[in-house]
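Presented below is the structure to which this report refers.
The values are calculated or read from the model by the stated rules, or taken from the named source; none is laboratory data. Computed from a prediction, not measured in an experiment: that's the story for all the values here. FYI the Cβ positions are ideal-geometry reconstructions off the backbone, even for glycines, and counts take in every protein chain you see.
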Amino acid sequence: MKAERILLALADVATAETVAGQLAAAGYPVVCARDAADALDLARANPPALVLLDQQLADTGSVALLQHFKADPRLSGAFVVLQRSPGTSGHTAQSLQADACIHAFSTRIGLDDLVASWLQLRRTAATLQELIAHQHPPQLEAEHAIILERIALGAPLTDVLTELARVVERQCPGTLCAILQTDHDRAQLRMGAAPSLPPSFARAVDGMPIGPDTGSCGTAAHERRTVVATDIASDPRWRNGRQLALEHGLRACTSLPMFDDDGRVLGTLALYSRTPNQPTARAVDLLESCAHIAGIAIARQRVEDSRRAGASLLHTARTIVDLGYWSCDLQTGHMVWSADACRLFGVAAQALDGSAKAFLASVHPEDRDRVRQATSRAIDGRQPVETEYRICRPDGVERVMFSRCDVVRADDGTTLRVAGVVMDVTVARRTASALSESEQRYQSLFSQNPDAVYSLDLDGNFLSVNPAFTRLTGYSEQEIRELGARPLVSATSTPLTDAQFSRAAGGQAVTYEAECIAKDGRRFQAMVTNVPIVVDGRIVGVYGIAKDITERKRAEEHLRATRERMQMASQMARLGGWEISVRGDRVSWSDEVCAIFELPPGTLPSKGDGLRRYAPEYRARAHALFMACARDGTPFDEELQIVAAHGRRVWVRSIGQAVRDESGAVVRVQGVLQDITSRKVDEQKIQHLAFYDPLTGLPNRQLLLDRLQQALTSHARSGRCGALLFIDMDNFKALNDTLGHAKGDQQLIEVARRLGSLIRNNDTVARLGGDEFVVMLEGLDGSLAKAAIQAKSIAETLLAALGLSYQLDSFNHHGSASIGVTLFHDTGDSTHELLKRADMAMYQAKAAGRNTVCFFDPNMQAAVNARVALEADLREGLQHQHFQLFYQPQVDRSGRTTGVEALLRWNHPRRGLIYPDAFIALAEETRLILPLGQWVLETACRQLATWSSVPARAGLDISVNVSARQFHHRGFVQQVIDTLERSGANPARLKLELTESLLLTDVDEVVEKMTTLKARGVGFSLDDFGTGYSSLSYLKRLPLDELKIDRSFVNDVLTDANDAVIVRSIVALGQSLGLTVLAEGVETEGQRDFLTRHDCHAHQGYLFSRPIPVDQFETWFARQALAA
């Protein structure tokens, strides 16, 4: 390598000089170019092997330079590394790599990374091409070449393994390939690539332990041999992972271990199948070769990881190591050492001798002359000199030191002293040694490969062979070099090998089989793979791998002969067979056929006897099959029924084929008969389980939907109507809970019996699950009105039958049902839509009191759709802040505004302003009231904080309505406290309005929460007082501040004596309890006067103001303040 020329074309002169110095010191011939044109001249004069290029130079001409390199065959083999600028985008880098023949990118030019990467690439590409896998069919040639190239160019290991797995899957259709690697401790297998395995299965087996009975892969890695599981369902090695594999449809698995050159397991290559099977010899050979390539890729990656780790350690050491300084006076011989230099040499500064002699004494005896010579060169050559040497420290430790020294001269040129720096490079040298050893281990793959590996020049002369080659052929390496390739190939295979060698020499990867001749005359079959050897862009030879497949070929030939004998035996055997002449005058069958027909062994059939034994409905088909075969030789394979001698029907598989004479005419038909009754029974059971309810025997949902779809089609043609009756047993859950599921099952079976006994033959009863049944009525009147009458009549009959008592063992149970009905005609409705409508109608029957029949109402559907749409809009409104608070003033008896009530409005983007009564109930049902109520609380508190900074509005209270669900939420109290703290609002200005519905559940909890917030200063008002659940005993316990008289009482207080009495009573009650009383809905002066006369403290209503947005309220409040 050191004879190969290196060209530097770097924009930074200082960097170029530094790099050139480092490379030259390492023994590489280096030339530096001033610019792109100079670089091209230098390259053409003497083509380089490596080019180091700066992107800043590329901006001024190096792209054109590289295009010259790409176009010139003498230069295209150079390995080009581009030092990329920090801001270069990935797209720009890809363009340069595609257009200008750039092999690698670097953000830093350094001797370690640059030269190591270059040398590693060259060695990897050469070795991997020699180690290409064997026994591939020709169609794998291009794929092998691509994978080898990607490995050689350092493609990510995951990409290489994935592509290799896809190669296996393409060559073995219907299979799924997985490649796993051992972890660091070689105790587990980690997933490397599995492009087609179900992701959940791949994740589950990632990290599987290596050991016995851990599936095919874990066992193969443990036993270090190929493991074949032809049927996972029965293979004992899969007992720990069998269920997982079967759930993912995996039935067979073949796994091969992969090894490194030290015999350590690197991982496994597995081939899965969805059906039980035995892998073919070709498949095993393919897996072996692909496992070999995968092992090479994994080994290379681990070598590369080791190299990078070592390089990183070396770089870190050079970065953080302390440099020691020393200086030696040439006149006195006295040396001055820095503290770091003393530390590196292991001596204390106070104990330092200080003489050059003492320094040399610390140097290893074998290196002292080198140190003296380096110092002399520095003095004589007037330039810095670098040297490495070993030292022996006082503690007995030997270290390797690197020193750079230079002379210090006076103005007249007189040499005064030598000065330099020193650093400990022991770790770096050990790391470099480890890297070298790693590279040698990787190269040993060639010599230790179990297959014959060789290389040829373009004339067919051997350049190198590995030991396996000499063992296979019996020739020594020297004999092979002198003999050449042709004597090793038989005359029959010579044309083929010559042609394939020419293809490989032309740049193609080829795989073929050839007959070879060993030194002792022994002939053997070999699977040969040839790939071109490319150096600097030129094909200089051919690599080859040859595997002895003689035994495999013998096994294949034996298998072929066995199959032919088996086929012949099958054709000639009389076991379970029959034979009929074309004229029908000769009929014969075996004893096994007699057994199927339940006849005594040896019974001789008469003419037409076999045909008569077929069941009547199959007789014509059997006759037609025989006649077609006898007429023109059409073979048949049919499943039919026969009637045995004792009347038992037997399913048989009848296979027949024609037998021809020398002229090609059909003379007889022969075949076999197989009893498949058990299989047909099993199929019927499976069919029944798939489409029928196992408890009641009724059709299930799947079969119902299938029949409903057929009914929709037939009714659309006939114009008649049908109906779906959705039946749900009332209070069935209570029966299950009290008497147990066994009694519940008895009732369901009886319900199924009653329904089945009452419907017509063309109708269907199905069980959907639980206590839900569906009856489908077909062929009703074409008029919807008349069909509805017919359906209602049948539904009422069923309802009456289901309402009769049920004798459940010793318990007499009285039940009932709710039935929902929907009709279908030719409306184009889907099966699922019809079933949903019937379900909705059933729930309407439940809501109507149960034990009744309800028809589906389109208005009900519209209401449901509207509710669903409103819920979706409500969620969207919360997400996008479509809500707004309006404020309605609250005034005292003097007319002064004391506060406001915050009222929610929804600014719907399509429907405009929506009032709370249109959506609050839905918000309660869907629990959206919790985030909605929190938003109202936060908005009101922020408004309080804003008003507190304005003196005129600082005294205003805000009342906020709180729903029962929101109040009972376990975090409600803390939410109020946190909201007040975040907003900075005064708690004394916040009033929470509660409704009497809160008192219906857990009054103690209500009192506790109110008391906690009351202690913080929050006020409480009881809203709509008198309209709900009012209890004086509870009322006196609540820490209230205010009662609000509902607007329904205020509205008619002047005209309804009862309302007037109620209002006066509420005012009196409030006064007696020390509570403020506020009247809602005050709209007239008369109402206000009445309330004022009876000492009502405060009023709220349209008489003063409608609820208005905050900006309008502030304007209104300002006007009121001026008027006052």
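If a residue must be outside any strand (DSSP E or B), under 60 Å from the mean Cα position of the chain (by Cα) and among the β-branched types (Val, Ile, Thr), how many such residues does the stretch 385-423 contain?
Initial filter on the stretch 385-423 (outside any strand (DSSP E or B)): 393-397, 410-414.
Subset that is under 60 Å from the mean Cα position of the chain (by Cα): 393, 395-397.
Next, only the ones that are among the β-branched types (Val, Ile, Thr) stay: 397.
Total meeting the criteria: 1.
Residue by residue, here is whether (1) within 46 Å of the chain's Cα centre (by Cα); (2) without any contact (Cβ under 8 Å) to a residue 24 or more places away in the chain holds:
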| site | (1), (2) |
| --- | --- |
| Ala869 | yes, yes |
| Gln884 | yes, no |
| Tyr887 | no, no |
| Gly895 | no, no |
| Pro909 | yes, no |
| Ala923 | yes, no |
| Leu932 | yes, no |
| Leu937 | yes, no |
| Ala952 | no, no |
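Can you tell me which residue within the stretch 821-851, out of those that are assigned to a helix (DSSP H, G or I) and either touching a Leu at 6+ places or on another chain (Cβ under 6 Å) or not assigned by TED's automatic domain parsing to the domain that holds Gly722 (or both), is farthest from Ile727 (Cα to Cα)? Explain how you work it out, then say what you get.
Keep residues of the stretch 821-851 that are assigned to a helix (DSSP H, G or I), which gives 831-847.
Next, from what is left, pick out any that are either touching a Leu at 6+ places or on another chain (Cβ under 6 Å) or not assigned by TED's automatic domain parsing to the domain that holds Gly722 (or both): 831, 834, 838.
Values: Thr831: 17, Leu834: 14, Ala838: 9 Å.
Here the answer is Thr831.
So Phe359 fits all but one of (1) touching a helix residue (DSSP H, G or I) at 6+ places or on another chain (Cβ under 6 Å); (2) at pLDDT 75 or above; what number is the exception?
Only one criterion is unmet by Phe359, namely (1).
Of all residues being of a type in the set (Ser, Thr, Tyr) and surrounded by 12 or more Cβ atoms within 10 Å (Cβ to Cβ) in the stretch 603-656, which is modelled with the lowest pLDDT? Just the residue, please.
Only one residue fits best here, namely Thr603.
Hey, among Ala1079, Ala1098, which residue is among the small types (Gly, Ala, Ser), in contact with a His (Cβ under 9 Å, 6 or more places away or on another chain) and within 18 Å of Glu993 (Cα to Cα)? Don't jump to the end; show me each part of the working.
Numbers: Ala1098 fails: in contact with a His (Cβ under 9 Å, 6 or more places away or on another chain).
It is Ala1079.
Being within 30 Å of His364 (Cα to Cα), surrounded by fewer than 16 Cβ atoms within 10 Å (Cβ to Cβ) and in contact with a helix residue (DSSP H, G or I) (Cβ under 9 Å, 6 or more places away or on another chain), is that true of even one residue in the stretch 442-461?
Quick first cut of the stretch 442-461, residues within 30 Å of His364 (Cα to Cα) only: none.
No, the stretch 442-461 contains no residue that is within 30 Å of His364 (Cα to Cα), surrounded by fewer than 16 Cβ atoms within 10 Å (Cβ to Cβ) and in contact with a helix residue (DSSP H, G or I) (Cβ under 9 Å, 6 or more places away or on another chain).
Any residue at all in the stretch 730-751 that is among the charged types (D, E, K, R) and closer than 21 Å to Arg707 by Cβ?
Quick first cut of the stretch 730-751, residues among the charged types (D, E, K, R) only: 730, 733, 737, 743, 745, 750.
Remaining after also requiring closer than 21 Å to Arg707 by Cβ: none.
Within the stretch 730-751, none of the residues are among the charged types (D, E, K, R) and closer than 21 Å to Arg707 by Cβ.
Leu748 - would you say it is touching a Lys or Arg at 6+ places or on another chain (Cβ under 9 Å) and either surrounded by 19 or more Cβ atoms within 10 Å (Cβ to Cβ) or at pLDDT 90 or above (or both)? Explain how you work it out, then say what you get.
Working: touching a Lys or Arg at 6+ places or on another chain (Cβ under 9 Å): yes; either surrounded by 19 or more Cβ atoms within 10 Å (Cβ to Cβ) or at pLDDT 90 or above (or both): yes.
The answer is yes for Leu748.
With the requirement that a residue be in a strand (DSSP E or B), of a type in the set (Val, Ile, Thr) and without any contact (Cβ under 8 Å) to a residue 60 or more places away in the chain, what does the stretch 495-522 give you?
Ile517
Do you know which of the residues in the stretch 976-996 that are out of contact with any strand residue (DSSP E or B) (no Cβ under 9 Å at 6 or more places or on another chain) and loosely packed, with under 15 Cβ neighbours inside 10 Å is nearest to Ala1123 (Cα to Cα)?
Within the stretch 976-996, the match that is nearest to Ala1123 (Cα to Cα) is Gly984.
Quick one: in the stretch 245-291, which of the residues that are outside any helix (DSSP H, G or I) and among the small types (Gly, Ala, Ser) is nearest to the chain's Cα centre (by Cα)?
Applying the first criterion (outside any helix (DSSP H, G or I)) to the stretch 245-291 yields 248-280.
From what is left, the residues that are among the small types (Gly, Ala, Ser) are 249, 252, 255, 263, 267, 270, 273.
Values: Gly249: 18, Ala252: 24, Ser255: 24, Gly263: 34, Gly267: 23, Ala270: 21, Ser273: 21 Å.
My answer is Gly249.
Among the residues that make up the stretch 365-384, is at least one of them touching a His at 6+ places or on another chain (Cβ under 9 Å) and either in contact (Cβ under 8 Å) with a residue 12 or more places away in the chain or in the same structural domain as Phe345 (by TED's automatic domain parsing) (or both)?
Residues of the stretch 365-384 touching a His at 6+ places or on another chain (Cβ under 9 Å): none.
Taking every residue of the stretch 365-384 in turn, none turns out to be touching a His at 6+ places or on another chain (Cβ under 9 Å) and either in contact (Cβ under 8 Å) with a residue 12 or more places away in the chain or in the same structural domain as Phe345 (by TED's automatic domain parsing) (or both).
Name the single residue that is farthest from Gly295 (Cα to Cα) among those in the stretch 191-238 being in contact (Cβ under 8 Å) with a residue 40 or more places away in the chain and assigned to a strand (DSSP E or B).
Here the residue is Val228.
Residues in the stretch 687-695: is at least one modelled with pLDDT of 90 or more, surrounded by 18 or more Cβ atoms within 10 Å (Cβ to Cβ) and closer than 30 Å to His825 by Cα?
Yes; the residues of the stretch 687-695 include at least one that is modelled with pLDDT of 90 or more, surrounded by 18 or more Cβ atoms within 10 Å (Cβ to Cβ) and closer than 30 Å to His825 by Cα.
Out of the stretch 934-975, which residues are in contact with a helix residue (DSSP H, G or I) (Cβ under 8 Å, 6 or more places away or on another chain), of a type outside the set (S, T, N, Q) and over 30 Å from Gln1120 (Cβ atoms)?
Ala964, Arg965, Phe967, His968, His969, Phe972, Val973
Looking only at the stretch 652-707, which residues are touching a helix residue (DSSP H, G or I) at 6+ places or on another chain (Cβ under 7 Å) and acidic (Asp, Glu)?
Asp675 - this is the single residue of the stretch 652-707 that is touching a helix residue (DSSP H, G or I) at 6+ places or on another chain (Cβ under 7 Å) and acidic (Asp, Glu).
What number of residues within the stretch 670-725 are under 28 Å from Glu639 (Cβ atoms), of a type in the set (Gly, Ala, Ser) and not in a loop (DSSP other than H, G, I, E, B)?
3
In the stretch 748-784, which residues are on the phi < 0 side of the Ramachandran plot and assigned to a loop (DSSP other than H, G, I, E, B)? Spell out how you get there, then give the answer.
First pass over the stretch 748-784, keeping only residues on the phi < 0 side of the Ramachandran plot: 748-768, 771-778, 780-784.
Those that are on the phi < 0 side of the Ramachandran plot and assigned to a loop (DSSP other than H, G, I, E, B): Ile759, Arg760, Asn761, Asn762, Asp763, Asp771, Asp781, Gly782, Ser783.
Scanning for something farther than 24 Å from Cys172 by Cα and surrounded by 14 or more Cβ atoms within 10 Å (Cβ to Cβ), does the stretch 245-262 turn up at least one residue? Lay out the reasoning, then the answer.
Within the stretch 245-262, the subset farther than 24 Å from Cys172 by Cα is 260-262.
Still in the running and surrounded by 14 or more Cβ atoms within 10 Å (Cβ to Cβ): 260-261.
Yes.
Out of Ile686, Ile655, Ile676, report the one residue that is without any contact (Cβ under 8 Å) to a residue 24 or more places away in the chain, hydrophobic (A, V, I, L, M, F, W, C) and within 22 Å of Arg621 (Cβ to Cβ). Steps first, answer last, please.
Numbers: Ile686 fails: within 22 Å of Arg621 (Cβ to Cβ); Ile676 fails: without any contact (Cβ under 8 Å) to a residue 24 or more places away in the chain.
Residue meeting the stated conditions: Ile655.
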